[in-house]
There are 2 protein chains.
Amino acid sequence: MGLTRDIAQFAIGTSGDEISKQALAVMSLSLMDWFAVAIAGKDEPASRIVFQIVQEEGGATQSSILGSPVKYPARAAALANGVASHALDYDDTHFAYVGHPSAVIVPATLALAESHGCTGQKFLDAALIGAESACLIGTWLGRRHYQAGFHQTATAGCLGATLACARLLGFDMEQTQHAVGIASTRTAGLKSQFGTMGKPYNAGAAAANAVESALLAGHGFTSAGNALECGQGFSATHAGEEHDLGDIPGRFRNNCLLESVQHKFHSCCHGIHASLEALTQIIKDHRFSHEEIKRVSVSVNPRWVKVCHIKQPKTGLEAKFSYRFALAMLALGIDTAAPASFVDEVCQSTELGEFAARVQVEPDEEHPDTAATVTVETHSGSIHDQYYDLENLPDLAIRTRKVQAKAGSLIGEAVAQQIWSSIQALPHNSINQFMQDANCF
Amino acid sequence: MGLTRDIAQFAIGTSGDEISKQALAVMSLSLMDWFAVAIAGKDEPASRIVFQIVQEEGGATQSSILGSPVKYPARAAALANGVASHALDYDDTHFAYVGHPSAVIVPATLALAESHGCTGQKFLDAALIGAESACLIGTWLGRRHYQAGFHQTATAGCLGATLACARLLGFDMEQTQHAVGIASTRTAGLKSQFGTMGKPYNAGAAAANAVESALLAGHGFTSAGNALECGQGFSATHAGEEHDLGDIPGRFRNNCLLESVQHKFHSCCHGIHASLEALTQIIKDHRFSHEEIKRVSVSVNPRWVKVCHIKQPKTGLEAKFSYRFALAMLALGIDTAAPASFVDEVCQSTELGEFAARVQVEPDEEHPDTAATVTVETHSGSIHDQYYDLENLPDLAIRTRKVQAKAGSLIGEAVAQQIWSSIQALPHNSINQFMQDANCF
């Protein structure tokens, strides 16, 4: 068959009955998380500039853009909302595919669902299948693709979002394969843009490309039908590893990848999160004040040392990539969940600097990417170890409470609650009713 | 410095005085050729479908689309005109960079010049500098980039078009580097789409991406500043060879690459053109009728044997990739310049089939890509050799006459003449006056 056919078949052929309630609940949670980070990110400079060019273009009033009372063409809405949703880099992450699923899938699927007046259930199913497809394609491409320099969020994300759109528009196999082919020759995104507005732009552009690819295929545009795996196809030209995914529908029923999506609960590099959770646990268990702590040692996978171990950060942005400062902030009771906590002043604080100097980072091959061990030594001589692996997800009720709390702190309790209620009612409403109820556009 | 800075400096820093009249004359000729192939291509299925989605989006009336009385946003106009200009695959080619310069540069530059009401001279200068930049970047990336599967027309083309737009909008160095950075993370295009609508889409998408990248940078959007050559930058991730281009401004003054651009005078694969020219010469010199010819032997670079030596084509499209049938058509007096000549019936014609069977193709490493030797043996026993290398360009007057004749046959003498006169007057008019005079949108 080949991956293009297999994944197309999965995207349009999976019936609603084959989708578990648990998978849909996780998708709904990711949707809540998406709204929170995208609303909080819509006024970032990158989001504002993209919205400006979208406004200057104008066009058909089809789909909503966060913060705008006017609607715009679906492609443009996907672009603007995509940039907003990744602007704070606070959106959900899937470690197996090394990417952020919702930042691309939700804006594309939502824009097209709205312009086509879909039911809420159809939208939810399509978003879930699209996110799962992105995770599958990302897994198929593998780490070599990412290590070669491609921003998997954007590449696999665009392809997954295209599949969500194909499902939403009721495509047959041929149209779906053409849509994937069009997306394959349109999709791009470089990791070398990280640290610039280019990063959220990659997400927005991927969402917009997915919408355009699907609309073209829906109008009869054709492309190479086995675009992902053919000679000089997407994988061959983009350092894909082409892992065998086995039986995709079976895999989805038994081990839906999206169910292990991670939501960020700290507004800093994901590489620091496990150590923050471990330290939280130690402090909570022993009720230590930061003055009692003499030394903190963090063991993590060596890859993170190159990513988020800036020893003397000078800006708030750099503090987001500093084990020492992030852990110091947590110990001193600063809310690491709030993006506003990571300001330049953090780096000038004597108190934080003194605690930071007591934090040591030990690279350790034995730790997976997702885990950390934090060891706290107190002035009284006691030693306390805590291992934390983000992969060991808490149960859904706990994750839900944490996402709700995060949303409340990002966009205010009232707005977060309004959106959460609307998401709960989404399977029984049209997407247009949902947009009206959520009342956040 | 690095290529990003060097090419940005070239694009915005080259003054009008440094541009030779000869270079501008070649650009004007390419502009005429572009109008002819784009107008002839605007009703192809790929062009029509893209225009449909552009119409459905609508938006600000900024820039013209071929065949439309209504204007559209500059980005959308670049997309639609870009697809139309490559739909027949009959547009200009630059062998050194393995790409079609005008198909991407002209739609992007024209759309932005129109939306910004530029002077004709400013537009012409920007288009020339953009096309030259595309050729330079294509040369810098080298053949490995193309052989890895990237459609250089779209990749180097998007970057060159972005530089044209940066010049047009009067960017400083910083903005220009940001624009190139944004384009670098947006640009894509796979050769595996050749033979599908994906090929012209690559050109249109590249033009649209260039406009979007430039507009974003103009509004203050930032990106990695050395995007082409940095670690995991565009070249590193896309199999670039990074050839040393030396002193770019000096190179431009002494050997403007665009001056050696090739215009297609036969509506088939460019690999067949040298042999068609050689056979034309033999027939013209000796006034042979096709009945007198016993055997035709064609020596060409081996790469073409895999590209355009379909021995028994079954469709008109396949005949475009058949030495045997293209040479038979020429010998039998069929106009190989007219796209309409390459119809399926060609492959069923007994007379053409009989001549085609007498054509032999000999791969020969000694021949450059651009050359062919045709040997004709007549029934009377005489043997006639002709070598033709497309690189040995005829002088500009002859090229001009040939482009005019091609344009006349594609879009009618009257329209072609009207456009040609408008192009001659372009340096003295505004772009908006030009669009009105050319009267072909």
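The values are calculated or read from the model by the stated rules, or taken from the named source; none is laboratory data. For clarity, every value in this text was computed on a predicted model and none was experimentally measured. Cβ sites come from the backbone with ideal geometry, for glycine too, and all protein chains shown count toward neighbours.
Structure data summary
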read-out: Number of the exception - residue B:90 against (1) hydroxyl-bearing (Ser, Thr, Tyr); (2) within 14 Å of chain A (Cβ to nearest Cβ); (3) under 23 Å from the mean Cα position of the chain (by Cα); value: (2)
read-out: Every residue from the stretch A:198-237 that is under 19 Å from the mean Cα position of the chain (by Cα), facing chain B (nearest Cβ under 7 Å) and more than 19 Å from residue A:137 (Cβ to Cβ); value: A:198, A:201
read-out: Residue tally, condition surrounded by 15 or more Cβ atoms within 10 Å (Cβ to Cβ) and in a helix (DSSP H, G or I), over the stretch B:293-304; value: 1
read-out: Count of residues meeting criterion [within 7 Å of another protein chain (Cβ to nearest Cβ), at pLDDT below 95 and part of a helix (DSSP H, G or I)] in the stretch B:147-197; value: 3
read-out: Flag for residue A:235 being in contact with a His (Cβ under 9 Å, 6 or more places away or on another chain), touching a residue at least 60 places away in the same chain (Cβ under 8 Å) and under 30 Å from residue A:88 (Cα atoms); value: yes
read-out: Matching option when the condition is surrounded by 19 or more Cβ atoms within 10 Å (Cβ to Cβ) and of a type outside the set (D, E, K, R), among B:245, B:257; value: B:257
read-out: Residues that are charged (D, E, K, R) and more than 8 Å from every other protein chain (Cβ to nearest Cβ), drawn from the stretch A:46-77; value: A:48, A:71
read-out: Where a residue in the stretch A:420-438 is surrounded by fewer than 18 Cβ atoms within 10 Å (Cβ to Cβ) and its partner, wherever it lies, is not small (Gly, Ala, Ser), with Cβ under 6 Å and at least six apart; value: A:427/A:121
read-out: Unmet requirement for residue B:381, which otherwise passes all of (1) assigned by TED's automatic domain parsing to the domain that holds residue B:74; (2) on the phi > 0 side of the Ramachandran plot; value: (1)
read-out: In the stretch B:228-237, the residues that are in a loop (DSSP other than H, G, I, E, B) and surrounded by 14 or more Cβ atoms within 10 Å (Cβ to Cβ); value: B:228, B:229, B:230, B:232, B:233
read-out: Test result for residue B:372, assigned to a strand (DSSP E or B) and small (Gly, Ala, Ser); value: yes
read-out: Tally, over the stretch A:200-217, of residues that are in contact with a His (Cβ under 7 Å, 6 or more places away or on another chain) and under 16 Å from residue A:167 (Cβ atoms); value: 1
read-out: Residue among A:58, A:99, A:67, A:41 that is of a type outside the set (Phe, Trp, Tyr), at positive phi and either without any contact (Cβ under 8 Å) to a residue 60 or more places away in the chain or buried (at least 24 other Cβ atoms within 10 Å of the Cβ) (or both); value: A:58
read-out: Verdict on residue A:55 being part of a helix (DSSP H, G or I) and farther than 30 Å from residue B:71 by Cα; value: no
read-out: Of all residues in the stretch B:305-323 being hydrophobic (A, V, I, L, M, F, W, C) and over 10 Å from residue B:361 (Cβ atoms), the one that is surrounded by the most Cβ atoms within 10 Å (Cβ to Cβ); value: B:319
read-out: Set A:181, A:189, A:195: member being within 23 Å of residue A:91 (Cα to Cα), crowded, with 24+ Cβ neighbours inside 10 Å and small (Gly, Ala, Ser); value: A:189
read-out: Exclusive hit being at positive phi and assigned by TED's automatic domain parsing to the domain that holds residue B:14, set B:160, B:181, B:198, B:189; value: B:189
read-out: Test: residue A:360 is in contact (Cβ under 8 Å) with a residue 40 or more places away in the chain and within 25 Å of residue A:317 (Cβ to Cβ); value: yes
read-out: Any hit, the stretch B:278-286, residues being outside any helix (DSSP H, G or I) and loosely packed, with under 15 Cβ neighbours inside 10 Å; value: no
read-out: Residue that is in contact (Cβ under 8 Å) with a residue 24 or more places away in the chain and assigned to a helix (DSSP H, G or I), where the choices are A:250, A:240, A:271, A:225; value: A:271
read-out: Residues located in the stretch A:328-357, provided they are of a type in the set (Val, Ile, Thr), touching a residue at least 24 places away in the same chain (Cβ under 8 Å) and not in a helix (DSSP H, G or I); value: A:336, A:343
read-out: Only one of B:334, B:283 that is β-branched (Val, Ile, Thr), more than 21 Å from residue B:90 (Cα to Cα) and touching a helix residue (DSSP H, G or I) at 6+ places or on another chain (Cβ under 8 Å); value: B:283
